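Undergrad: Pasting a structure here, questions to come.
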Amino acid sequence: METTKTPAPADTATETPEGVTAADTTAGEPVVLDKDVAAEADEADAVDETDETDETDEADEADETDEADGTDASEERTGGVGAAAGAIAAAALATVALSGSWVSRVAAERENLVNQLDLSAGADNNEKIAALYSSPWHATALVNGVLATLALLVAVFVLARPAFGTPGRTLPTWVRSVAWAAVALAALGIAIFALMYFDVLLPVPTAPAQPAG
């Protein structure tokens, strides 16, 4: 019995051209991709990567800017609190200097006591007035003048501080108002106490000469 050998089917697989996949073939026929389309796809990928990099850089810069703004705001708050405290302290010192302080009263009483101990029994009336009244008044004027001078220095420092700090930074309006009020009160106090200390304002009275007996 003759047997007919069926020839082996020929290998129908064809080599896929470079850049073409099995999905790019239809009915066994290769479809070659357009080189311009592939180039545009590569450019689009590159643009996307560049955009992502730019967004990351912008985010980092925004974070750094926020941190810097936070630091500046913190420093500004600290400087504002110090300036406000200085202005209030200067105004308080100037007010106390004008109205009289416990320190000036103690200084006057001490001066009075010292002069009483040193006063001789045979002192005349003018010597007694100078020892018991004039000298204590001068001590009061001196102490209050020192307090007014301190108030003036503090107020001037508060007003001049922004000029030596961050450019463009200014004090709040109310802080400047309080500081200028302290300057005015302190200057007035210094003028009054200087006039009183040198007996220009409210000079010390003198006793009439006693008739010779």
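Every number here is computed from the coordinates shown, using simple stated rules; none is lab data. Given the structure is predicted, the values throughout are model-derived calculations rather than measurements. Backbone-built Cβ (ideal geometry, glycine too); neighbour counts: all protein chains shown.
Undergrad: Mind checking the full-extension length gain between VAL103 and LEU150? Use 0.36 nm per residue of separation minus the Cα-Cα distance, one decimal, nm.
TA: Values: separation 47, 0.36 × 47 = 16.92 nm, distance 1.45 nm.
Computed gain between VAL103 and LEU150 is 15.5 nm.
Undergrad: Multiply the residue gap between ARG110 and LYS128 by 0.36 nm, knock off their C-alpha separation, and tell me the result in nm, one decimal place.
TA: Values: separation 18, 0.36 × 18 = 6.48 nm, distance 1.57 nm.
My answer for the length gained is 4.9 nm.
Undergrad: Enumerate by residue number the trypsin sites (Lys or Arg not before Pro) in the range 112-213 meeting two conditions: DSSP loop (anything except H, G, I, E, B), and at most 14 other Cβ atoms within 10 Å of the site's Cβ. Display every interim value, and only then the final one.
TA: Numbers: sites: LYS128, ARG169, ARG176; in loops: ARG169.
Hits after loop and neighbour filter: ARG169.
Undergrad: Compute the label zone of ARG169 within the range 87-103: residues whose backbone N is under 19 Å from the point 7 Å along Cα-to-Cβ.
TA: 87-88
Undergrad: At what distance in angstrom do the alpha carbon centres of the range 96-141 and the range 142-180 lie from each other?
TA: 34
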